[in-house]
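As structure tokens, the structure follows; a few thoughts come after it.
The values are calculated or read from the model by the stated rules, or taken from the named source; none is laboratory data. The shown structure was predicted, so the numbers you read here are calculated from the model rather than taken from an experiment. Every residue, glycine as well, gets a Cβ built from its backbone with ideal geometry; the counts of neighbours run over all protein chains shown.
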Amino acid sequence: MAFQNYREIFREAPYRWFWSGFTFSMLGDAMTRVALTWFVYEATHSSEALGWLMVCYTGPVIVGGLMAGSLLDRFDRRAVMIADSLIRGVTVALVPILHVTGHLALWHVYAVAAVYGLLMMISLAGVPSLIPALVPRERLSTANALETLSYMIGGVAGPLIAGWLIPRLGAPNVVMVDALSYFVFAFALRQMRLTDPPHPASAKEQQAHTMGDAARLLLTNPILFSTTFMYMAANIGAGFVSVFLPFLSDQWLGGGSQVYGLLLGAMSLGEVLSALAAGSITFSLSLGTLICAALALTGASLGLLLIPLGLWTVLPGLFLFGAFSSPLTIWAQTLRMQIIPERLRGRTFALLRTLMQAGGPIGGGLAGVILPVIGLPAMIALSATMVGAPGIIGYQVEPLRAAGPGGSPEQTPP
């Protein structure tokens with residue numbers, strides 16, 4: 001049956017604990033982003049103040065990514081993630097505590113956002129580093145699909161719940177849900193019993209494994225290299241989409257924020273349904289070929305936005321955009337777990353995800369400059385090209401084309 005893989009994976013008690021805690025944590029993070037953004041907006045009504053909040057959220061990620069990789073490889077990964085959850089839980093809890101006592105200032109919010117950004121890569125890199133110790137190898141695709149689904153649940157439900165609670169509780173008090181979610185995730189991690197837990201590297205091994213080894217692995221392995229830079233380019237194109245979509249909703253479709261919400265909903269629906277399918281269906285094509293085809297189709301789906309039929313083509317286009325893009329992380333992460341040596345997983349996943357995370361902000365910044373110059377139709381076409389072309393180019397890389405089921409991922413030693 002289609003969902004047999006999900007039933008099987010949830011029979012693994014360690015993974016049940018992990019996924020439940022992680023999903024709650026992602027929900028809390030999404031609620032906090034909405035709550036803190038609204039608090040800064042209400043307090044200042046300043047776009048500059050909101051811009052500084054985004055800088056605090058994203059700026060420290062680069063430094064934190066380098067630190068996270070070393071910590072995850074040097075120490076027990078579960079212990080590092082527990083410590084991260086406790087630190088961030090206490091930090092986030094300061095917002096409602098300071099609010100209740102009447103001492104909450106704008107700089108407190110910026111400081112909390114900066115701590116979040118500094119430590120964010122511990123979970124972003126820690127999760128894929130830990131998953132292979134939680135499930136059998138044949139369940140990796142399903143486990144990766146469920147990780148993607150956790151982010152989607154947070155991204156869809158978090159803003160809705162926060163939007164409903166903010167008028168009733170106040171934005172700072174909504175943040176307490178996120179603080180609670182961190183403590184729950186730490187408890188869930190503590191409850192896990194791993195059958196084959198990863199062991200911390202010895203001092204000798206640490207000297208032999210550095211971030212430079214992770215970079216060398218990235219640069220010398222054609223699968224890691226091609227997928228990383230393909231995804232960076234596609235994320236820049238997706239950053240374009242995040243900027244032009246409000247203009248499309250208002251200026252082309254004339255529907256304002258209501259239509260904007262409808263378009264985001266169509267995209268999210270495509271993402272959720274596709275992630276569920278990717279974790280439960282076995283394809284005859286290799287994972288590398290699937291990745292290339294999905295990227296090309298993701299870009300092509302944006303072309304539907306240029307057909308002058310209004311909402312009837314925009315909605316399907318964004319649904320397909322979400323559906324084709326959603327499995328990309330699942331498939332690539334499954335390949336990476338087979339390639340990256342266990343002792344380098346923390347550093348390598350931190351490096352890869354830091355590079356790929358940079359694509360969205362770069363795309364958003366570029367689109368803000370380019371859109372007024374070239375106009376909306378050209379911006380949509382440029383987005384489609386940035387997203388889809390890497391799939392066509394990547395298909396020319398033979399090791400990637402043959403990687404995964406039906407092929408054999410190349411193993412490059414560190």
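A few notes on this one:
- Test: residue in segment 253-261 that is under 23 Å from the mean Cα position of the chain (by Cα), buried (at least 17 other Cβ atoms within 10 Å of the Cβ) and either closer than 17 Å to A332 by Cβ or in the same structural domain as I339 (by TED's automatic domain parsing) (or both): yes
- Which listed residue, of L273, L297, L328, L304, is buried (at least 20 other Cβ atoms within 10 Å of the Cβ), assigned to a helix (DSSP H, G or I) and in contact (Cβ under 8 Å) with a residue 40 or more places away in the chain: L328
- Scanning segment 359-377 for residues that are among the small types (G, A, S) and under 16 Å from I236 (Cβ atoms) returns G359, G360, G363, G364, G365, A367, G368.
- Residues (of a type in the set (D, E, K, R) and within 23 Å of G368 (Cα to Cα)) located in segment 18-58: R33, E48
- Being surrounded by 21 or more Cβ atoms within 10 Å (Cβ to Cβ), farther than 23 Å from G346 by Cα and touching a Ser or Thr at 6+ places or on another chain (Cβ under 6 Å) is a property that V156 lacks.
- Within segment 267-310, the set of residues being farther than 22 Å from R336 by Cα and among the small types (G, A, S) comprises S268, G270, G299, A300, S301, G303, G310.
- Checked against (1) in contact (Cβ under 8 Å) with a residue 40 or more places away in the chain; (2) among the basic types (K, R); (3) surrounded by fewer than 21 Cβ atoms within 10 Å (Cβ to Cβ), R11 passes all but a single condition, namely (1).
- Just one residue in the set G360, G317 is crowded, with 19+ Cβ neighbours inside 10 Å and within 18 Å of P60 (Cα to Cα); that residue is G360.
- Against the criterion of being farther than 22 Å from A214 by Cα and among the aliphatic types (A, V, I, L, M), L376 qualifies.
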